[in-house]
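Report on one structure; see the data block that follows.
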Amino acid sequence: MKRFIICLATVWAVFGVSSCTETKKPRARVNAGNEAVGAQEVSNVVYTKYGIPLPVDLFTYLVAEEIPYNNDLLVPLENMEKYTKETKQAMALGVYSADIAYCSLYKKQQEVMGYFNCSFKLADKLDISEGFNFRYVERMENNVNSADSLSKIAAESYWKACNYLNDNDKNNILPFVIYGGWIESQYLTVASNDQKNTRTQILNQREGLLSLINYLYEVMIESSAFYYNYDIKTIIFNLNSIKKIYDKVDNDDFEVHYYNEICQKIKKMRADLIDPRIN
């Protein structure tokens, strides 16, 4: 069966959280050279069969509206050591990658380093540290005062890891990374701003949510691992609870109570996702 692999193309820093889709045959390798992936290259791989919109647009919006950076919204770095289940670690990797994007757009270099190191450790636990090897960590440390350099290094390392997953058939964790990044980007948006300014931004996420659900359905159909399917079913169930609210919304009138319901769902899902006690 033809298998579609969607990489959560979290072009950390400037480009933030995005996604790409690759067919397994032929394998189209992503640029993992010394130069960071450019915005145009990102756009070329995003709008595909399962195109998931660029959540970085939400972060860019926050910066453009001069919404203050809020470190308290991010997942504590020490949580990384508490995640033991593989799917939980994969979701956490997606969450931390979104946090890297958030920090980088606000030019918080030290925070970028901290979350990158956590991502490196999680990738090592998941046995996918090809893109997060010590060479990248050392380069990060040597360029900690340059936001542009951090952006390039983070983008290069992520694309390399993405290719590694593709080339070594380590595809079971990708849906969980994607889900973690999507939830975190939604959460940071609704928790950073008031409802007046974010209602339109959240309404625009409806199509991306549908794309994510469709992707997860196909992953579940193709997977032979029951324990992965159980977790994916749970994720789909949660995402469908948000979709049901969107289905009631008139595009011309996104009523406040619907917006509040969606925000509460997102906050609850994110709280469960980052809680080490909940598997």
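Can you check how the C-alpha radius of gyration of the range 53-130 compares to 2.2 N^0.38 Å, as a plain ratio? Please report the intermediate quantities before stating the final value.
Numbers: Rg = 13.1 Å, N = 78, 2.2 N^0.38 = 11.5 Å.
With N residues counted in the range 53-130, Rg over 2.2 N^0.38 Å equals 1.14.
Simple spin-label model, 7 Å along Cα-to-Cβ: Asp247 to Lys107 in nm?
Output for this residue pair reads 4.6 nm.
May I ask you to give the solvent-accessible area per residue for the range 178-279, in square angstrom, as obtained with a 1.4 angstrom probe? Intermediate values should be presented prior to the final figure.
Numbers: 4970 Å² over 102 residues.
Per-residue accessible area for the range 178-279 comes out at 49 Å².
Mind checking the full-extension length gain between Glu207 and Ser146? Use 0.36 nm per residue of separation minus the Cα-Cα distance, one decimal, nm. Don't skip to the answer; put the middle values down first.
Working: separation 61, 0.36 × 61 = 21.96 nm, distance 3.55 nm.
Extending this stretch completely gives an extra 18.4 nm.
Hey, which of these cross-link pairs are over 24 Å Cα-Cα: Lys88/Lys265; Lys88/Lys108; Lys82/Lys244?
Details: Lys88/Lys265 19 Å; Lys88/Lys108 26 Å; Lys82/Lys244 33 Å.
Violating the 24 Å limit, Cα to Cα: Lys88/Lys108; Lys82/Lys244.
Could you work out the percent of alpha carbon pairs in the range 58-97 separated by over 15 Å, rounded to a whole number? Walk me through the numbers before you get to the answer.
Numbers: 411 of 780 pairs.
Counting every Cα pair in the range 58-97, those more than 15 Å apart make up 53 percent.
Over 22 Å between Cα atoms, which of Lys121/Lys267; Lys125/Lys243; Lys107/Lys267; Lys233/Lys267 qualify? Walk me through the numbers before you get to the answer.
Numbers: Lys121/Lys267 26 Å; Lys125/Lys243 33 Å; Lys107/Lys267 25 Å; Lys233/Lys267 19 Å.
Exceeds cut-off: Lys121/Lys267; Lys125/Lys243; Lys107/Lys267.
Among residues other than Ile100 whose Cβ falls under 12 Å from its Cβ, what is the net charge (Lys/Arg +1, Asp/Glu -1)? List each step's numbers first, then the result.
Values: positive: Lys108; negative: Asp99, Glu111, Glu184.
The answer is -2.
Once the Cβ-Cβ distance between Thr200 and Asp124 is put in as r, and R0 is 41 Å, what FRET efficiency do you end up with, to the nearest 0.05? Present the calculation step by step, with values, prior to reporting the outcome.
On the way: r = 40 Å, r/R0 = 0.98.
Once rounded, the FRET efficiency stands at 0.55.
Using the basic label-point model (7 angstrom from Cα toward the beta carbon), what is the Glu255 to Tyr217 distance in nanometres?
So the two model labels end up 2.7 nm from each other.
The values are calculated or read from the model by the stated rules, or taken from the named source; none is laboratory data. Computed from a prediction, not measured in an experiment: that's the story for all the values here. Neighbour counts are summed over all protein chains in view; Cβ atoms, including those assigned to glycine, are modelled from backbone coordinates with ideal geometry. Accessible surface is based on the protein model in full, side chains and every heavy atom, while ligands, DNA and RNA are left aside. Shrake-Rupley method; radii C 1.70, N 1.55, O 1.52, S 1.80 Å.
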